[in-house]
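A.B. asks: This is the structure I want to talk about, given as structure tokens.
The values are calculated or read from the model by the stated rules, or taken from the named source; none is laboratory data. The shown structure was predicted, so the numbers you read here are calculated from the model rather than taken from an experiment. Here Cβ is always computed from backbone atoms with ideal geometry, including for glycine, and neighbour counts include all displayed protein chains. All accessible areas refer to the heavy atoms of the entire protein, side chains included, with ligands and DNA or RNA removed. Shrake-Rupley method; radii C 1.70, N 1.55, O 1.52, S 1.80 Å.
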Amino acid sequence: MLAQTQSAAVVGIDAVPVQVEVDSGYGDTRVTVVGLPDTAVKESTHRVMSALSNSAFHAPLGRVVVNLAPADIRKEGPSFDLPIALGILAATEQAEPRRLDRVMVVGELALTGAVRAVKGALPIAMRAHAMGLDAVVVPAENAAEAAVVQGLDVIPVRNLREAALWLEGNTPIDPVRIDVEALFKAPPTEELDLSEVRGQETAKRALEVAAAGGHNLLLIGVPGTGKSMLAKRLATILPPLNLPEALETTQIHSICGLLGPGQALVTQRPFRSPHHTASDAGLLGGNAHPTPGEISLAHHGVLFLDELPEFKRSVLETLRQPLEEGRVTISRAAGTMTFPAQFTLVAAMNPTPDGKMPHESRSSPREIASYLGRVSGPLLDRIDLHVEVPAVRFADLSRAQPGESSAVVRQRVLAARHVQRTRFAGRPVNCNARMRPRDLREFVRLDESTRDMLRVAMTDLNLSARAHDRILKVARTLADLAGRPEVTACDISEAIGFRNLDRQLWG
């Protein structure tokens, strides 16, 4: 007898529907899975047979063929265990599931028949909703993330028998409901605040500008000046995620299996800080079958690269395309995948190999030049703000009065972002850092004296055309923070100051 169940496979960050066809007939007792399955899917036959026996069902006696269609898409992971088992029950007439044609099913089976969590429950639920299905059957641990999709019944199951009885209509299971608005009102899990940083007013100003315009930031200073402390607090002054951004971010974390037990949605901007030994596959994503890397996990959040020159230069160079385009395209023999990677880069580094300023360092000029040369000019050009983080004075450390809190700074950032949303309404631009050349010509108009100031700076500092555009974008953000409709000479002057340091060090 032939039976069909609906499931899905995750490809990139999206899910594609998969028809699980099960045919049971006479012949030697054997279960064959076809349709381009990987090793985990092929091994599902052993898990399914044991789960059936341990759930008071009978393992089929005879030939069973399982086809996962379409056959030209590679099927990975154990998420097909549950739909295969339910298909076998229907094909061998041990159950009469009346809802199989209107329900999508995913889940890994334990040998006992228990249903275990799988990766990618959110994109699978989104696909089920897009197909117009009535419900999706998922492991109980994945129910919260799947329930974020409105207009779809999410049925949590804990074991194979429970799933079979629900599909027959004999056991009612209440769909899981999630109050999405309440999720965004939950307090942050990590208590970090900008007021904890003593002194460093210039660096704090740069942090505010980076948050207000979505600009990339490089912090340069000797060890112990608070570079990492500042970087970790950037996320606390960024605008909160909206629902579309949260769904995109949660999709990526879902397919990587990074959501906590019962976590429904990523409601806080991610902060990713990979170690400097990370490979290009770890940073960008990849492997034989492309999966998201650190830059995609930082989508709509912050990517912090501490000790920037310690990263392999080949790894750093791979960041150039994502920084420009907000996405990364990975090509492998298994196929080509494009992952979103719209993040704010914050990098920190020492000015010399021994961590001292150049005039105090014991390193030779050749050693210093070699150390700084690990960071290429094209990558530096893509970083809008270059800021020196000097040693903190004792007077600042001992001051009883704390500085501005993250909440206060965030209000100014939100006001500047509101101006940008209004300005770019109807355009594929969401902040000043993403402005295109045509947007710069329209929204950053300079008078003659200001244009001369910029021309002199470009000549004296030997800046590139890309750096010229970055200065204009930063100046536009500075004007937005000040509430000015037009960019003035003081905005250009301050923006040029944020490009000064890299030329002092790199010559």
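A.B. asks: Taking only DSSP H segments of four or more residues, each worth -39500 (n - 2.57), what value at 222 nm results for the chain once the sum is divided by all its residues, to the nearest 500 deg cm²/dmol?
C.D. replies: Details: 23 runs with 196 residues, N = 507.
Result for the chain, helices only: -10500 deg cm²/dmol.
A.B. asks: Taking θ = phi - 60°, what integer Hz values does the Karplus form 6.51 cos²θ - 1.76 cosθ + 1.60 yield along segment 367-380, in sequence order, with x for Gly and Pro?
C.D. replies: Each residue's phi maps through the Karplus curve to give 5, 5, 5, 5, 5, 5, x, 5, 9, 6, x, x, 6, 4 Hz.
A.B. asks: Continuing with this model, one more query. Express as a percent, rounded to the nearest 5, the fraction of DSSP beta bridges in the chain (both residues included) that run antiparallel.
C.D. replies: Antiparallel: roughly 50 percent of the beta bridges in the chain.
A.B. asks: With a 1.4 Å probe and every protein chain left in place, work out the accessible area per residue of segment 1-144 in Å², rounded to a whole number. Display every interim value, and only then the final one.
C.D. replies: Values: 6020 Å² over 144 residues.
Per-residue value: 42 Å².
A.B. asks: Compute the long axis of helix 465-482 from its Cα atoms, compare it with the longest principal axis of the Cα atoms of the chain, and write down the angle in degrees, 0 to 90, nearest 10.
C.D. replies: Orientation of helix 465-482: about 90 degrees from the principal axis.
A.B. asks: Something else about it: For helix 121-130, report the angle its Cα long axis makes with the longest principal axis of the Cα atoms of the chain; keep it between 0 and 90° and round to the nearest 10°.
C.D. replies: The angle comes out at about 70 degrees.
A.B. asks: Decide, for segment 39-145, between rounded, prolate and oblate: order the square roots of the alpha carbon gyration tensor eigenvalues as a ≥ b ≥ c, take rounded if a/c falls under 1.5, and otherwise choose prolate if a/b is larger than b/c, else oblate. If you can, show how the numbers build up before the last one.
C.D. replies: Values: a/c = 1.44, a/b = 1.41, b/c = 1.02.
The shape class here is rounded.
A.B. asks: What part of the accessible area of segment 265-342, given as a whole %, is carbon or sulfur when the probe is 1.4 angstrom? Present the calculation step by step, with values, prior to reporting the outcome.
C.D. replies: Numbers: 1410 of 3120 Å².
Summing carbon and sulfur atoms, their accessible area is 45 percent of the total for segment 265-342.
A.B. asks: With a 1.4 Å probe and every protein chain left in place, work out the accessible area per residue of segment 406-507 in Å², rounded to a whole number.
C.D. replies: Details: 5090 Å² over 102 residues.
On a per-residue basis, segment 406-507 sits at 50 Å².
A.B. asks: Now, a different point. Out of the total accessible area of segment 68-197 (probe 1.4 Å, heavy atoms of protein only), what percent is carbon and sulfur? If you can, show how the numbers build up before the last one.
C.D. replies: Working: 2740 of 5690 Å².
With neighbouring chains kept in place, the figure for segment 68-197 is 48 percent.
A.B. asks: Another question about this same structure. Charges only on Cβ, +1 for Lys and Arg, -1 for Asp and Glu: so what's the dipole of the chain about the Cα centre, in debye to the nearest 20? Show your work: numbers first, answer last.
C.D. replies: Values: 56 positive and 58 negative charges, 212 e Å.
Result for the chain is approximately 1020 debye, rounded to the nearest 20.
A.B. asks: 7 Å from Cα along Cα→Cβ at both ALA482 and HIS58: what's the point-to-point distance in nm?
C.D. replies: According to this spin-label approximation, the distance is 8.4 nm.
A.B. asks: Can you classify segment 1-60 as rounded, prolate or oblate using the Cα gyration tensor, where a ≥ b ≥ c are the square roots of its eigenvalues, rounded means a/c under 1.5, and otherwise it's prolate if a/b beats b/c and oblate if not? Present the calculation step by step, with values, prior to reporting the outcome.
C.D. replies: Values: a/c = 1.94, a/b = 1.69, b/c = 1.15.
Judged from the Cα gyration tensor, segment 1-60 comes out prolate (a/c at least 1.5, a/b above b/c).
A.B. asks: While we're looking at this one, here's another question. State to the nearest 20 debye the size of the charge dipole of segment 1-128 about its Cα centre, where the only charges are +1 on K and R beta carbons and -1 on D and E beta carbons. Write out the running numbers ahead of the final one.
C.D. replies: Numbers: 12 positive and 13 negative charges, 42 e Å.
Approximately 200 debye in magnitude.
A.B. asks: If I model a spin label as a point 7 Å beyond the Cα along the Cα-Cβ vector, how far apart are those points for GLN19 and GLN321 in nm?
C.D. replies: Distance between label points: 3.5 nm.
A.B. asks: What is the percent carbon and sulfur in the accessible area of segment 399-507, measuring with a 1.4 Å probe over the protein chains and ignoring ligands? Spell out each step's value before the answer.
C.D. replies: Numbers: 2930 of 5630 Å².
On segment 399-507, the fraction of accessible area on carbon and sulfur atoms equals 52 percent.
A.B. asks: How big is the charge dipole of segment 412-507 about its Cα centre, in debye rounded to the nearest 20, if each Lys and Arg gets +1 on its Cβ and each Asp and Glu gets -1 on its Cβ?
C.D. replies: 540
A.B. asks: Against the longest principal axis of the chain, how steep is helix 243-255, in degrees 0 to 90 to the nearest 10, with axes from Cα atoms?
C.D. replies: That works out to roughly 60 degrees.
A.B. asks: Quick one: compute the contact order of segment 174-299, relative version, from alpha carbon pairs under 8 angstrom and 6+ residues apart, as a percent.
C.D. replies: Working: 95 pairs, mean separation 26.1, N = 126.
Reported relative contact order: 21 percent.
A.B. asks: Round to a whole angstrom and tell me the spacing of the C-alpha centers of segment 125-184 and segment 192-219.
C.D. replies: Between the Cα centres of segment 125-184 and segment 192-219 lies a distance of 42 Å.
A.B. asks: Along the Cα-to-C-beta direction of ARG98, a point sits 7 Å from the Cα; which residues of segment 1-30 have their amide N less than 20 Å from that point?
C.D. replies: 3-6
A.B. asks: With the crude spin-label approximation of a point 7 Å out along Cα→Cβ, what separation in nm comes out for GLU448 versus LEU414?
C.D. replies: Simple spin-label model gives 4.4 nm for this pair.
A.B. asks: Towards the positive end of the charge dipole of segment 38-178, with charges on Cβ (+1 Lys, Arg; -1 Asp, Glu), say which of VAL105, LEU152, MET49 has the farthest Cα.
C.D. replies: MET49
A.B. asks: Taking a spot 7 Å from the Cα of THR277 along the direction of its beta carbon, which residues of segment 297-313 have an amide N less than 14 Å from it?
C.D. replies: Inside the label zone: 311-312.
A.B. asks: For LEU440 and MET229, compute 0.36 nm times the residue count separating them, minus their Cα-Cα distance, and round to one decimal in nm.
C.D. replies: Working: separation 211, 0.36 × 211 = 75.96 nm, distance 3.30 nm.
Gain on stretching LEU440 to MET229: 72.7 nm.
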